[in-house]
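The values are calculated or read from the model by the stated rules, or taken from the named source; none is laboratory data. These numbers come from a predicted model, not from an experiment. Glycine gets a Cβ as well: all are built from the backbone with ideal geometry, and neighbour counts include every protein chain shown.
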Amino acid sequence: MALFLVAVLIAVAVLSPTMTAYSNGVGDSNKQYGCSTDCHTVQSNSVVTMSPSTITPTPGSTVTVTVNVSGGEASNTPLGVMILSALTTSGSLPSDAGWTIVSDPTGATAYNYHEIQTYTGSVSWTWTLTAPTSEGIYTLYAREIHGNGETYSRDYSTGVAFVVGNPETPGQISLVITSPAANSEVSNAITVAASMIPSSDILYAILSIDGVQVNNKTDAPFSWTIDTRLYADGTHVVNITATNATSAHGYGEISFTVNNAGDEAKLLDWMWTMAAGSIAIVAWIGVMIVVALMIRRRLTMKEGK
């Protein structure tokens with residue numbers, strides 16, 4: 001009997017991490033948003049972002065979505081990340097909105113939730129999905145949960161909006177990005193603007209840069225002021241998507257090149273030029289003063305005679 005009790009206790013100790021709360025780990029699986037009313041309710045200070053390969057896929061085409069997590073309160077404890085089609089406790093799996101997960105971060109399975117037992121402060125995980133087969137606008141979200149005993153979580157509640165469809169399909173909005181010019185070189189503050197036909201009853205227009213949503217407007221004019229100094233010098237992709245009250249949608253995409261280093265070099269050259277000019281002026285004034293003093297001295301000497 002004693003040996004039986006010892007065996008039971010050992011089994012409980014070994015199995016308890018998978019039998020207990022979510023924060024102790026549940027393994028890779030398909031998980032709806034949340035786990036219960038008292039699980040992972042503490043808002044984490046971690047940073048969660050999402051980066052898609054495209055936000056304008058055609059129906060049934062392949063999309064990759066990378067979720068990045070950094071920081072947080074706990075280290076060397078379990079951490080899990082899930083991608084979701086809604087931030088609700090049911091109907092939140094990507095499949096509930098028509099997405100099909102092809103592969104998860106393991107590369108071997110196709111779950112919406114991936115987990116590691118030891119989080120060291122930063123992860124970057126990628127899912128591959130096929131887009132819904134029906135045209136429309138679909139948003140994917142991400143949630144990270146971590147801690148062991150503490151129940152921290154953080155949502156990427158902005159989400160990434162995908163416009164699934166063919167721009168040549170009748171009934172869509174004709175959307176053209178009018179500023180900046182495609183493939184232009186920009187610096188400092190710029191205006192990103194779009195023209196839409198039809199332009200009435202626009203429910204929202206989403207501005208994204210490099211696949212990351214920047215802003216969402218519901219009223220005209222559909223223009224945004226962007227500080228390019230927040231982005232690294234190099235090529236960036238701007239995308240604007242829109243939908244109206246009749247469910248028509250459209251999108252436009254261009255690339256531009258940020259070159260703030262060039263402006264800084266020009267400013268530095270100008271400052272050096274101005275400095276050199278100022279030195280020359282000061283030197284010239286100094287020479288004139290010396291000449292004036294010499295002339296005055298000679299005149300004084302003549303008067304003394």
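Per the listing 77, 54, the residue uniquely part of a loop (DSSP other than H, G, I, E, B) and touching a His at 6+ places or on another chain (Cβ under 7 Å) is 77.
Looking at the stretch 98-116, is at least one residue at positive phi and part of a loop (DSSP other than H, G, I, E, B)?
Initially, the stretch 98-116 is screened for residues at positive phi, giving 98, 107.
Next, only the ones that are part of a loop (DSSP other than H, G, I, E, B) stay: 98, 107.
Yes, some residue in the stretch 98-116 is at positive phi and part of a loop (DSSP other than H, G, I, E, B).
Working carefully through the options 261, 280, find the one that is under 30 Å from residue 229 (Cα atoms) and either at pLDDT 70 or above or among the polar types (S, T, N, Q) (or both). Give the derivation first.
Numbers: 280 fails: under 30 Å from residue 229 (Cα atoms).
None of the others qualify; the one that does is 261.
For the stretch 197-222, what are the residues that are part of a strand (DSSP E or B) and either within 14 Å of the chain's Cα centre (by Cα) or over 27 Å from residue 53 (Cβ atoms) (or both)? 197, 206, 207, 208, 209, 212, 213, 214, 215, 216 - these are the residues of the stretch 197-222 that are part of a strand (DSSP E or B) and either within 14 Å of the chain's Cα centre (by Cα) or over 27 Å from residue 53 (Cβ atoms) (or both). Among the residues that make up the stretch 135-145, is at least one of them in contact with a Leu (Cβ under 6 Å, 6 or more places away or on another chain), assigned to a strand (DSSP E or B) and modelled with pLDDT of 90 or more? Looking through the stretch 135-145, at least one residue is in contact with a Leu (Cβ under 6 Å, 6 or more places away or on another chain), assigned to a strand (DSSP E or B) and modelled with pLDDT of 90 or more. You will find that of 236, 249, the residue that is within 25 Å of residue 164 (Cβ to Cβ), crowded, with 17+ Cβ neighbours inside 10 Å, modelled with pLDDT under 90 and of a type outside the set (S, T, N, Q) is 249 and no other.
Do you know which residues across the stretch 110-135 are among the small types (Gly, Ala, Ser) and either assigned by TED's automatic domain parsing to the domain that holds residue 240 or under 15 Å from residue 94 (Cα atoms) (or both)? It would help to see each step written out before you state the result.
Kept after step one, since they are among the small types (Gly, Ala, Ser), are these residues of the stretch 110-135: 110, 121-122, 124, 131, 134.
Listed by number, the residues that qualify are 110, 131, 134.
Per this entry, residue 157 is not counted among residues that are touching a Lys or Arg at 6+ places or on another chain (Cβ under 7 Å), in contact (Cβ under 8 Å) with a residue 40 or more places away in the chain and small (Gly, Ala, Ser).
Each residue in the stretch 74-92 was checked for being over 22 Å from the mean Cα position of the chain (by Cα) and either surrounded by 16 or more Cβ atoms within 10 Å (Cβ to Cβ) or at negative phi (or both), and 7 of them qualify.
Taking the stretch 16-40 as the range and being at pLDDT below 70 and part of a loop (DSSP other than H, G, I, E, B) as the test, the residues that pass are 20, 21, 25, 35, 36, 37, 38, 39, 40. For residue 144, the criteria (1) in contact with a Pro (Cβ under 8 Å, 6 or more places away or on another chain); (2) surrounded by 18 or more Cβ atoms within 10 Å (Cβ to Cβ); (3) not aliphatic (A, V, I, L, M) hold in every case but one, which is (1). All of 201, 227, 155, 210 fail the test of being at pLDDT 95 or above and in contact with a strand residue (DSSP E or B) (Cβ under 8 Å, 6 or more places away or on another chain), apart from 227. A count restricted to the stretch 94-122 and to residues that are farther than 20 Å from residue 55 by Cβ and either in contact with a helix residue (DSSP H, G or I) (Cβ under 9 Å, 6 or more places away or on another chain) or surrounded by 18 or more Cβ atoms within 10 Å (Cβ to Cβ) (or both) stands at 8.
Report yes if some residue within the stretch 48-67 is within 11 Å of residue 123 (Cβ to Cβ) and either surrounded by fewer than 16 Cβ atoms within 10 Å (Cβ to Cβ) or free of Cβ contacts under 8 Å to residues at least 60 places away in the same chain (or both); otherwise report no. No, that holds for no residue.
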